[in-house]
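Colleague: A single structure is presented below for examination.
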Ligand code: SER
């Protein structure tokens, strides 16, 4: 069954069962600096899972475009994809476990024709936060899944949350038995051997996990389900990998025809990264050196490198794009419409990268000759690192080329140097959020300090769940995005304003401290992108009011700020509010 048929069957089935079909949200979340890409269908729906009324009702279904980038380096094997489509259905305080499981079972067996014997399911085993899910178990039994194909696992396998904080709950997962022999006596769905493939995940979202790790019940019981389209297509078409289904097969064949050197991993990487890049570009993404743009750049550069590896003439890239769009346009007609833009963005990035490679290659020749003249047979780490940092020359390329010249490369410390470099450049991108524009005039400096006071006051008035999600400062105002789910009342706004003004009047000294990251965290310092800072961090402490990891600059005492006033409070994105405020 083709992907488009599965998608249509899915949406129609849930429509028939009272769900409204809603459009896919864009891959790039609007106004939300806290996440790079949309990674799951529930992400754009968070406010509604928390209780806000959705205009389309309490039963929704959609297909959602998703990008997950944790595993870029795994792409090329037989299963990892960075872009994928997720089919989903939601109950926003409407039906719960019983109806959800009954519908999933009916859809899998009746609509898709999967025999009962092919299905195994898993349920939550229970722990101190939530009881064993005997309800889900009973529902599966009632549907016709026998005991020996129902498994119970703990939070690692049967609990779903996006990130660290947010709506979450126990889930029940459905697995397809590929018919491969069991890898051991103990082979079961949680096993990685490939016998069982996860096909659908129904999350029973009735909890909220806060930043301290506490679980509380949500106002309503929700269901969030996700079914990966490529994987289901692969199974129903009896294929071993997603690269053999109709969304990838034509481009894989084209690459095979054009290649001078055979390499299946490289063909997969090109096909996969090309599709992800096109989808990101189509939703407005452009290559750059930070954040989302950097991910897109990495995808395109890795793709180009593997085209080189296959020794495919890069001038043929538009032809390859044509083939890929042809096989995707039934699912995404917008790709065909935006083809010209897609081709021009990819071509431009490819040309930039080729120049980088050319310069890097020249420099590489130089350092190799120098090493040879000095009678060395090894390039040291710093040399490899300089090639990377100054010329953008990928280290694996250095290793490869050096090998061809009979020279070894000392990569032992490369990871360490690389990490330090990453920390530095990430800090740069954090400051974009934390400090807005890197301008340090007197007024901006005041707004920086006012931002810390505002963050602290919001925590006091609204609660500890408030965290910074974005910040932008100009000479005229501060703009602060923070996690909170509802509009602030007039009273709350007034309280926040009064509290900040009180802090200002208290004339508290602002101290700049340097300390180990662990120590800062122990002291309860607020940090927006924790894992992105280096080991030693700068912390600004304002008496007992606030302590935050920050690059500054700040005033010396709070009394320098004048009078603080909130001008506007509005929604910024899902679960995030935005305040604009001035100092008078
Ligand atoms: N949110 C769950 C997932 O991404 C189900 O949709 O797997």
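No value in this document is a laboratory result; all are computed from the given coordinates. Being a predicted model, the structure only gives us computed values, none of them experimental. As a convention, Cβ positions derive from the backbone with ideal geometry for all residues, glycine included, and neighbour counts pool all protein chains shown.
Colleague: Distance between the C-alpha centers of region 1-62 and region 362-390? Whole Å please.
Modeller: Region 1-62 and region 362-390 have Cα centres spaced 51 Å from each other.
Colleague: If packing is taken as the average number of other Cβ atoms within 10 Å across a peptide's residues, how do 331-339, 3-11 rank, most packed first?
Modeller: Working: 331-339: 15.8, 3-11: 17.6.
Put in order of decreasing packing, that is 3-11, 331-339.
Colleague: Given that compact globular proteins tend to follow 2.2 N^0.38 Å, what is the ratio of the alpha-carbon Rg of region 444-584 to that value? It would help to have the intermediate numbers written out before the result.
Modeller: Values: Rg = 14.2 Å, N = 141, 2.2 N^0.38 = 14.4 Å.
Taking the Cα Rg and dividing by 2.2 N^0.38 Å, one obtains 0.99.
Colleague: Give the whole-number value, in cubic angstrom per residue, of the convex hull volume spanned by the C-alpha atoms of region 290-374. Working shown, then result.
Modeller: On the way: hull volume 9.8 nm³, N = 85.
Spelled out: Cα convex hull of region 290-374, divided by residues, is 115 Å³.
Colleague: Students often check this: by mean Cβ neighbours within 10 Å, which of 341-351, 242-252 ranks highest, and how do the rest follow? Before the final figure, lay out the partial values.
Modeller: Numbers: 341-351: 17.0, 242-252: 20.5.
Taking the mean over residues of other Cβ atoms within 10 Å, the ranking is 242-252, 341-351.
Colleague: Report relative contact order for the chain in percent, whole number only (criteria: Cα-Cα under 8 Å, sequence separation at least 6). All intermediate terms of the calculation are to be shown ahead of the outcome.
Modeller: Working: 1009 pairs, mean separation 63.6, N = 584.
Rounded, it is 11 percent for the chain.
Colleague: Please work out the Kirkwood hydrodynamic radius for the chain, using every pair of different C-alpha atoms, and report it in angstroms with one decimal place. Kindly include the intermediate steps, with their values, before the conclusion.
Modeller: Details: mean 1/r = 0.0374 Å⁻¹.
26.7 Å is the Kirkwood radius here.
Colleague: Go ahead and estimate [θ] at 222 nm for the chain from helices alone: -39,500 (n - 2.57) per DSSP H run with n ≥ 4, summed, over the residue count, rounded to 500.
Modeller: Details: 18 runs with 236 residues, N = 584.
Here the helix-only value at 222 nm equals -13000 deg cm²/dmol.
Colleague: Which whole-angstrom value gives the distance between the alpha carbon centres of region 232-282 and region 140-191?
Modeller: Each part's Cα centre sits 29 Å from the other's.
Colleague: Follow-up question, since we're still on this one. Highest mean first, what order results for 478-488, 315-325, 176-186 on Cβ atoms within 10 Å?
Modeller: Working: 478-488: 19.5, 315-325: 16.6, 176-186: 11.6.
With the highest mean Cβ count within 10 Å placed first, the list reads 478-488, 315-325, 176-186.
Colleague: Further question: Starting from the Cα of residue 512, move 7 Å in the Cα-to-Cβ direction to define the label point; list residues of region 542-563 whose amide nitrogen is under 13 Å from there.
Modeller: What the label zone holds, given the 13 Å backbone N cut-off, is 550-557.
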